[in-house]
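What follows draws every value from the coordinates through simple rules; no lab data is involved. For clarity, every value in this text was computed on a predicted model and none was experimentally measured. Backbone-built Cβ (ideal geometry, glycine too); neighbour counts: all protein chains shown.
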Amino acid sequence: MTHPIAIPYFSGHGHTARLSQAVADGARPARLINIEDMSQADWDALDAAPAIIFGCPTYMGSVAARYAQFLEQASEDRWTDQSWHDKIAGGFTIGTYPSGDKLSTLIRLSIFAAQMGMIWAGATEIGAPVDPSKPGIDRDGSMLGLMARSDPDKTQMISDGDLKTARRFGARILKATQSWSP
């Protein structure tokens, strides 16, 4: 793998930025790209990356509006050219409630990836209560991608279990990328 995995993210209040860092820690080497401050070098990194992990908060049952705008911008030239086809893709989101309609955000991201011809890789972690030896792991039970909850303790922002799940999700995407890429 000559180029790092790219992680374009939007963070309204800092939670998604923290979650993005944990995903990047698991997917090393990875390039974090804050979509609020993108340069041509960031677009070039997305185009060169063997995998892209999309990350944004769930607002009102869907991707944040700013992230939807990024997805539309990303597709402008890349969809008709299918220039991202066969890249590995994954996604993550965070919200306040255990459900919080976060699944609809992951569905939106996976449909975007499918339309771009990308290969979607979901989550594989099974935590408690199914596996009591993994407390805090995948506490929302999501297989389509990573779901996390903002922690009521705003000094922590995200629970240790969700951060650990995020690192494992990043490692999952790295492994899928290494398996898929020559």
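Observations, loosely collected:
- Residue count for the range 75-106, restricted to those that are out of contact with any Lys or Arg (no Cβ under 6 Å at 6 or more places or on another chain), crowded, with 20+ Cβ neighbours inside 10 Å and over 23 Å from His13 (Cβ atoms): 3
- Residues that are within 18 Å of Ile173 (Cβ to Cβ) and buried (at least 22 other Cβ atoms within 10 Å of the Cβ) were ranked within the range 49-61; the one that is farthest from the chain's Cα centre (by Cα) is Ala49.
- Leu109 vs. criteria more than 15 Å from Phe54 (Cβ to Cβ), among the hydrophobic types (A, V, I, L, M, F, W, C) and crowded, with 20+ Cβ neighbours inside 10 Å: no
- For the range 11-48, the candidate set comprises residues that are among the hydrophobic types (A, V, I, L, M, F, W, C) and over 25 Å from Asp86 (Cβ atoms); within that set, the residue that is surrounded by the most Cβ atoms within 10 Å (Cβ to Cβ) is Leu19.
- Of everything in the range 117-127 that is free of Cβ contacts under 8 Å to residues at least 60 places away in the same chain and surrounded by fewer than 21 Cβ atoms within 10 Å (Cβ to Cβ), the residue that is farthest from Gln21 (Cα to Cα) is Gly117.
- Scan of the range 138-178 for residues that are within 13 Å of the chain's Cα centre (by Cα) and small (Gly, Ala, Ser), ordered by number: Ser142, Gly145, Ala148, Ala166, Gly170, Ala171
- Members of the range 13-58 that are touching a Phe, Trp or Tyr at 6+ places or on another chain (Cβ under 9 Å) and over 27 Å from Gln178 (Cα atoms): Glu36, Pro57
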